[in-house]
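Peer 1: Here you go, one structure.
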Amino acid sequence: MTDQRFNPLAADKRWQARWSESRVFEADDASSKPRSYVLEMFPYPSGRIHMGHVRNYTMGDVLARFRRMQGFEVLHPMGWDAFGMPAENAAMEKKVHPGEWTRANIAAMRSQLKTLGFAFDWSRELATCEPNYYGQEQALFIDLFEGGLVYRKESAVNWDPVDMTVLANEQVIDGKGWRSGAPVEKRKLSQWFLKITDFAEDLLAGLGELKAWPDKVRLMQENWIGKSQGLQFHFALAEPQDDIATVEVFSTRPDTIFGASFVALAADHPLTQKLASQNAALAAFAEECKAGGTTAAELETMEKKGFDTGLTVTHPLDPDWQLPVYVANFVLMDYGTGAVFGVPAHDQRDLDFARKYDLPVKRVVSDGEEADALFAGDEAYTGPGKVVNSAFLDGMTIEDAQKAVIARADTEGWGKAQTTWRLRDWGVSRQRYWGTPIPIIHCDGCGPVPVPKDQLPVVLPEDIDFETPGNPLERHPTWKHVDCPKCGKAARRETDTLDTFVDSSWYFLRFASQPDDRPFDPEVVKQWLPVTQYIGGVEHAILHLLYARFWTRALASIGKLDFAEPFESLFTQGMVTHETYSIKHFSMAGPLDDDGQPIAQITYYPPDEIERNKDGAFLIEGGKELNIGRIEKMSKSKKNVIDPDPIIEQYGADAVRFFMLSDSPPERDLPWSEAGIEGSWRFVQRLWRLFISVAEAADAPAAEDKPLNRKLHQTIAGVADDIEALSFNKAVAKIFELVNLIEKSAPSADRNDAIRTLARIVAPMVPHIAEEAWALLGESDLIADAPWPKVQESLLVEDEVTIAVQVRGKLRDTLTTAKGSSKDQLEALALASEKVQRSLDGAEIKKVIVVPDRLVNIVI
RNA sequence: GCGGACGUGGCGAAAUGGUAGACGCAGCAGACUUAAAAUCUGCUAUCCGAAAUGGGUGUGCGGGUUCGAGUCCCGCCGUCCGCACCA
């Protein structure tokens, strides 16, 4: 007799070994089948997988397995985004080499992933920290360098004083380092940049083609690229300052040019600096501006401040009109030209500024009601309207006036149409050890020289000191001392390493093709790319996804690839969340507020230390009641993290996978609960009981069960659609409905067939029990290799339908009738209903709406 | 401030403009059992009603379009996310 319970402990391991031995999930480059590349964002090897990984990879796995069953040659790889700061922190704290730490973490996480039975092609596993990966990355870097897409410039960079490294703009959040949280300082350093701005227009336009990306992500990238079109022009200084005779400004609103009342310069504008060198008060003001914070709260409350330089400029359209020149704290040097002209009536910042310094406020756009030049109030008008009080522009729409001003500036030579981008070039230099060495040698005679490709990879030295802060490569006694590859004289190796986002900008290419002697074979890459379905967290909506799009385009532009977009379809999944449990307490020994009263201290408790029931949450030890906080992202600080390992051990991989797919739509957050995983466990056992019932009662009556058959085929079709749309929660619901019906159905040959088919329907989600069942049912091949069941189309249509009968839009009755009944028949049936007659109560019928096979609505 | 998403039972959620609450969780009642676990059966939006194969109400709030609105439109409120002195 077969075991009455499914035992995942034994089964999981057995099937995982079978899959591995038979190499079923290894993708074949030479296959003649249609291709499908299913990719989940590869993890950073922090040491342990978390529930977010489990959810992410389960989704990808279901799709990958499903596509295999549908006859695709599937590439579903896994690897490690293995460079980065945490390894160096570990080196400093635990005195372990970053490589050793990272490789141990990879080994631990790999075996964790294997316990979940993911259908990965492990033969293509890669880690970005290994020379065979980063050496090829160096080759690509040199290609881009030679293609003119890499340059070096001295620039003010974001310096993280804690991590002691440069950060990209994208890595500065609210003026703080994205990793360390330390306030970022400005420093001048020579840095390597990638010309992502060359592709700004392209990256923006390409978003329009990414139909299978979430709108949200496309919008975020669009905003990040930040295209603004307008007029760039110059004002002539009334008194030129040495070599500076004009002030260049950019505006998206040239239509308001007659509303100008001042010109404002950034604190670090060249003219400001020139003036400040002769004016201590201005120098002090400029310093003050630079010291200003950049956090949301500070910007919200920061006052608009200015410093009158005493200079004036001439209005380009009126030689008799002089405008004062201020230095203002709200003008940014790194956007546009670092100078603006202020139009107070139609820009809120300008208005705040003008009111404060008592400058003229002139209306030049009418909202249709008021048109006089005097503008009252403290709220700028930025809406649509006609231009007024503006000489030759009067009466024009805003759009026409913009064109007219641009045309005039162009003819008269004082300005021209200009597009300005928010996007900056990508600074990729990092003063860190644990990253890809930048393959450049600095020679006093030849300048920066790329390392010859036959000398790649430039390998990181192993003997490294982490005792002192800063870049260990810089301090290494010998590593940087090399001869110039060009002239042979003594030279210095670049000691900066590449931003780790470079590593993740092309790993999907290397998965598709990984020859030893070059980064990838374009012919093989072409067969797999673009990635059919990419799945990951929305936190990568800008950084990683924009860089990867850029890198792919950059390679295409130098002829290394012949496609521009790496990810055809993108899905951003929600987080796994959990309730928090805490106690608030006050203590005079703790921190006090301004009045000397203790500030509330909150202590969080992990879920495994509490007993949760309908009355609340209680500490297991002592029974103290805890405050149940809101459901939020699992985090160490809130102690609401559930470690997947013990859960997998207790319930098996299938129950965990199934829970990850149930209930919540995949793009939304999934609240983890003990009850939820229990439910999935029970479902796995229900499946098992069905499977053994067939195995043990093969001699079922040869009877037909049409309703069950119908449901089966509707489920085959429905689940396929849902998986294809990644609507796993809906697929799960359909499977439940089928299982409920099978359980209720009397034994029959059809019932047995339904159960055999059920094994294949659930195989992508719960592959271990599906394999076990497949073997139990007498199959010798793997269910992983079985085809997705074929839908019998004729069974999808019902031959009876339920018609809703409404009176004045309110449901009064339902009636069952043959599908395809005529409108007259339906109307007659509806009117014959006793309930309808009661509801009509003799009222006169004005109209009857009949939707065939759907409803009848009687209007009175 | 700008941009976006979302708001449905005790909870997670379904619902091409056409029977709101499928499916799951939790809960309640019952069966089996010496007992428990497991399993099975039934009920479970809400109000009125003893009950009905009775009626009312109901998808954040207020309007509108429509024979018919959770779904479309307008205006609020709330929650979450992204960007942020971007000229």
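The values are calculated or read from the model by the stated rules, or taken from the named source; none is laboratory data. Note that the structure is a prediction, hence the values are computed from the model and not measured. Reconstructed Cβ throughout: ideal geometry from the backbone, glycine too, with neighbour counts over all protein chains shown. We work out accessible area using only protein heavy atoms, side chains counted, and drop any ligands, DNA or RNA first. Shrake-Rupley method; radii C 1.70, N 1.55, O 1.52, S 1.80 Å.
Peer 1: Within 12 Å of RNA strand B (Cβ to nearest atom) and either at pLDDT below 90 or open to solvent by 20 Å² or more (accessible area, probe 1.4 Å) (or both): which single residue out of A:Ala264, A:Ala260, A:Ala283, A:Ala296 fits that description?
Peer 2: A:Ala296 is the lone residue from the list that is within 12 Å of RNA strand B (Cβ to nearest atom) and either at pLDDT below 90 or open to solvent by 20 Å² or more (accessible area, probe 1.4 Å) (or both).
Peer 1: Right, something else. Among A:Arg48, A:Arg18, A:Arg23, which is open to solvent by 10 Å² or more (accessible area, probe 1.4 Å) and closer than 19 Å to A:Val762 by Cβ?
Peer 2: Sole residue among the options that is open to solvent by 10 Å² or more (accessible area, probe 1.4 Å) and closer than 19 Å to A:Val762 by Cβ: A:Arg18.
Peer 1: Could you check, for region A:814-827, whether at least one of its residues is open to solvent by less than 90 Å² (accessible area, probe 1.4 Å) and near RNA strand B (Cβ under 7 Å from one of its atoms)?
Peer 2: yes
Let's see how each residue does on (1) within 20 Å of A:Asp334 (Cα to Cα); (2) of a type in the set (Phe, Trp, Tyr); (3) open to solvent by 60 Å² or more (accessible area, probe 1.4 Å):
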{"residue": "A:Asn158", "(1), (2), (3)": "yes, no, no"}
{"residue": "A:Leu167", "(1), (2), (3)": "yes, no, no"}
{"residue": "A:Glu185", "(1), (2), (3)": "yes, no, yes"}
{"residue": "A:Leu203", "(1), (2), (3)": "no, no, no"}
{"residue": "A:Pro214", "(1), (2), (3)": "no, no, no"}
{"residue": "A:Leu219", "(1), (2), (3)": "no, no, yes"}
{"residue": "A:Trp224", "(1), (2), (3)": "yes, yes, no"}
{"residue": "A:Glu239", "(1), (2), (3)": "no, no, yes"}
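Peer 1: Restricting to region A:438-466, name every residue that is open to solvent by 70 Å² or more (accessible area, probe 1.4 Å), farther than 26 Å from A:Glu146 by Cβ and in contact (Cβ under 8 Å) with a residue 40 or more places away in the chain.
Peer 2: If the condition is that a residue be open to solvent by 70 Å² or more (accessible area, probe 1.4 Å), farther than 26 Å from A:Glu146 by Cβ and in contact (Cβ under 8 Å) with a residue 40 or more places away in the chain, then A:Glu462 is the only one that fits.
Peer 1: What pairs can you find where one residue is in region A:318-332 and over 16 Å from A:Pro360 (Cβ atoms) and aliphatic (A, V, I, L, M), the other is modelled with pLDDT under 90 and more than 14 Å from RNA strand B (Cβ to nearest atom), and their Cβ atoms are less than 6 Å apart, with a gap of 6+ or different chains?
Peer 2: none
Peer 1: Where the second residue is open to solvent by 10 Å² or more (accessible area, probe 1.4 Å) and in a helix (DSSP H, G or I) and the first is on the phi < 0 side of the Ramachandran plot and within 7 Å of RNA strand B (Cβ to nearest atom) and lies in region A:664-677, which pairs have Cβ atoms under 7 Å and are six or more apart or on separate chains?
Peer 2: A:Ser664/A:Asn729; A:Pro665/A:Asn729
Peer 1: Please work out which residue is farthest from A:Pro98 (Cα to Cα), limiting yourself to region A:481-500 and to residues that are open to solvent by 40 Å² or more (accessible area, probe 1.4 Å) and assigned to a loop (DSSP other than H, G, I, E, B).
Peer 2: Of everything passing the filter in region A:481-500, A:Cys487 is farthest from A:Pro98 (Cα to Cα).
Peer 1: What residue, among those in region A:799-813 that are open to solvent by less than 80 Å² (accessible area, probe 1.4 Å) and more than 18 Å from A:Glu834 (Cβ to Cβ), is farthest from RNA strand B (Cβ to nearest atom)?
Peer 2: That would be A:Val801.
Peer 1: Moving on. Restrict the check to region A:469-478 and report whether at least one residue is crowded, with 18+ Cβ neighbours inside 10 Å, without any contact (Cβ under 8 Å) to a residue 24 or more places away in the chain and not aliphatic (A, V, I, L, M).
Peer 2: Yes: one or more hits.
Peer 1: So, one more: Under the condition of being of a type in the set (Gly, Ala, Ser), within 15 Å of RNA strand B (Cβ to nearest atom) and not in a helix (DSSP H, G or I), which residue from region A:306-355 is most open to solvent (accessible area, probe 1.4 Å)?
Peer 2: Result: A:Gly336.
Peer 1: Here's a follow-up. Pick from A:Glu667, A:Glu678, A:Glu625, A:Glu609: which is out of contact with any strand residue (DSSP E or B) (no Cβ under 8 Å at 6 or more places or on another chain) and surrounded by fewer than 20 Cβ atoms within 10 Å (Cβ to Cβ)?
Peer 2: Testing whether each residue is out of contact with any strand residue (DSSP E or B) (no Cβ under 8 Å at 6 or more places or on another chain) and surrounded by fewer than 20 Cβ atoms within 10 Å (Cβ to Cβ) leaves just A:Glu678.
Peer 1: Something else about it: I'm trying to understand the selection: among the residues of region A:523-562, which are surrounded by 19 or more Cβ atoms within 10 Å (Cβ to Cβ) and over 25 Å from the mean Cα position of the chain (by Cα)?
Peer 2: A:Lys560
Peer 1: Please identify the pairs in which a residue from region A:802-813 that is in a loop (DSSP other than H, G, I, E, B) and of a type in the set (D, E, K, R) has its Cβ atom under 8 Å from the Cβ atom of a residue that is open to solvent by 40 Å² or more (accessible area, probe 1.4 Å) and near RNA strand B (Cβ under 6 Å from one of its atoms), counting only partners at least 6 apart or on another chain.
Peer 2: A:Arg808/A:Val859
Peer 1: Out of all the residues in region A:356-371, which are away from RNA strand B (no atom under 14 Å from the Cβ), at pLDDT 85 or above and in a loop (DSSP other than H, G, I, E, B)?
Peer 2: Within region A:356-371, A:Asp358, A:Leu359, A:Pro360, A:Val361, A:Arg363 meet the criteria.
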